[in-house]
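Chemist: Please see the structure below; I have some questions.
The values are calculated or read from the model by the stated rules, or taken from the named source; none is laboratory data. These figures come from a predicted structure and were not determined experimentally. Quick reminder, even Gly has a Cβ in these numbers, built from the backbone with ideal geometry, and neighbours come from all protein chains shown. For the accessible areas, the whole protein counts, side chains as well, though only heavy atoms, and no ligand, DNA or RNA atoms are used. Shrake-Rupley method; radii C 1.70, N 1.55, O 1.52, S 1.80 Å.
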Amino acid sequence: MLPADLSLPPELLTTIFQELDGHRQTLRACALVCSAWTGASRALLFNHVNIPPHLNGLIRYLEISIIDNATHLEKVLSIVDSLIGLRTVELHCVLWSNVDVPLERLLLALSHLDSLRTVFVDNESAGHIGCRRSFKFVFQALSGSHVSRIGLYGINITKDGGDEGAVVLPSSLKTISLDLEGASLKLFANWFTTPLPLPNVEIYLLMLKEIPSVNEVLSTRAFSSVTHLRISFSMLDAMPHTFPETLNISRFSRVFFTVNIYTSHRISQQGYIGIIKLWAATFSELAPDNTISELILTFYSKRGLGKAVETAWASLDVALVGENMRRLESIRFEDENGVLISPENGNKHWRDQLMLRKLLPWCHKKQLVL
């Protein structure tokens, strides 16, 4: 074994081991030499995936990470046609400038799978890397599919795509999920000159400064036919005492205000209190003619109670029974894992139900909480 001061850097080891690509027995032996060799040799050992024919219909979920060159996608393309039971595909860390054309080929291949229902694409961990084209091709490649949900996360949309034609959505599409910064969100909305033919939109809100952009986008023609809105709040720790602008959600009939379950463990108690206050301010400022009839909110019980928490919930309780919320018929709560807090789930949430009765007495009195 080489002394620590003579060990080779990982990228050099990878280059050396690439000379052994295809020599599986030798790579297995190299993986056992030392920890420094294990990663580089295993990357090549598991670089080629062979799925036995009898398992093709059993694979439901496919996740591909660190997509930075066409070779990665070519290997996936070689097995896609055989995954006849695939329902969900997640593509992570996409370096768009390198792979936009082969990625389009992959999406076209996926669109031929009758079982596919969900596609998520992101480059959050790769940074906001632009693309030579707009991202219309993601939707256009899937236009002939049976996909019901498409998500774009952490993507920097820099092209308006005016020269790429109109966006054609899958006829089966029911939900678009967007985790985009304000400028990218506006460009996305500008792609559509007619209302989106789908009922559900989900938007991830990371910073308060994005609220004006979200309001502007929700008021565009593109979103005029959407009736169900989900806004997922992520790590909103720096909360002011007052909000210069709240979310304009008056025209939606069903509203989900949730805490993003992937970042909820990093939200401080103060941040969660701030989120509740933002909800209260939003509902209290809605116009009397708002159409909201159903709410689903996150109840994050692990942050515990206390005077500050109870005060925040009290303000929300008052806001939800205000005169301007007279059309509201039901309120449901999810736990931090996205599971509905309901008597139908047995005794799992009995503590949460007791706490909600204490925190929202007026809502319970009007029998709004289900």
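Chemist: What percentages make up the Cα-Cα pair-distance distribution of the stretch 281-321 when the bins are 10 Å wide from 0?
Modeler: 22, 50, 23, 5
Chemist: Accessible area, 1.4 Å probe, largest first: how do Tyr204, Tyr272 sort? All intermediate terms of the calculation are to be shown ahead of the outcome.
Modeler: Values: Tyr204 35, Tyr272 5 Å².
Result, largest first: Tyr204, Tyr272.
Chemist: Now for a different question. Once the convex hull of the alpha carbons of the stretch 266-370 is built, what does its volume come to per residue, in cubic angstrom?
Modeler: Values: hull volume 10.1 nm³, N = 105.
In the stretch 266-370, the Cα convex hull volume per residue is 96 Å³.
Chemist: Using a 7 Å offset from the Cα along the Cα-to-Cβ direction at both Asn190 and Val168, what is the distance between the two label points in nm, to one decimal?
Modeler: Between Asn190 and Val168, the simple spin-label model gives 2.5 nm.
Chemist: So for Cys34, Cys363, what's the accessible-area order with a 1.4 Å probe, most first?
Modeler: Values: Cys34 25, Cys363 0 Å².
My answer, sorted largest first, is Cys34, Cys363.
Chemist: Shifting gears a bit: Measure off, as a whole percent, the carbon and sulfur share of the 1.4 Å-probe accessible area of the stretch 164-235, all protein chains present.
Modeler: Working: 1600 of 2820 Å².
Percent of accessible area from carbon and sulfur atoms in the stretch 164-235: 57.
Chemist: With a 10 Å radius around each residue's Cβ, average the other Cβ atoms per peptide and rank 320-327, 245-252, 148-155, highest first.
Modeler: In descending order of packing, they fall as 148-155, 245-252, 320-327.
Chemist: I've got another one for you. Once the piece of chain linking Asn50 and Arg24 is laid out straight, how much longer is it, given 0.36 nm per residue of separation minus the C-alpha distance between them? Could the numbers behind the result be given before it?
Modeler: Values: separation 26, 0.36 × 26 = 9.36 nm, distance 1.37 nm.
Working it through step by step, the gained length comes to 8.0 nm.
Chemist: At a probe size of 1.4 Å, how large is the accessible area of Trp362, to the nearest 10 Å²?
Modeler: Here the accessible area works out near 130 Å².
Chemist: Suppose accessible area is computed on protein heavy atoms with a 1.4 Å probe; arrange Ser177, Ser82, Ser35 from highest to lowest. Please report the intermediate quantities before stating the final value.
Modeler: On the way: Ser177 0, Ser82 40, Ser35 105 Å².
Heavy-atom accessible area, descending, gives Ser35, Ser82, Ser177.
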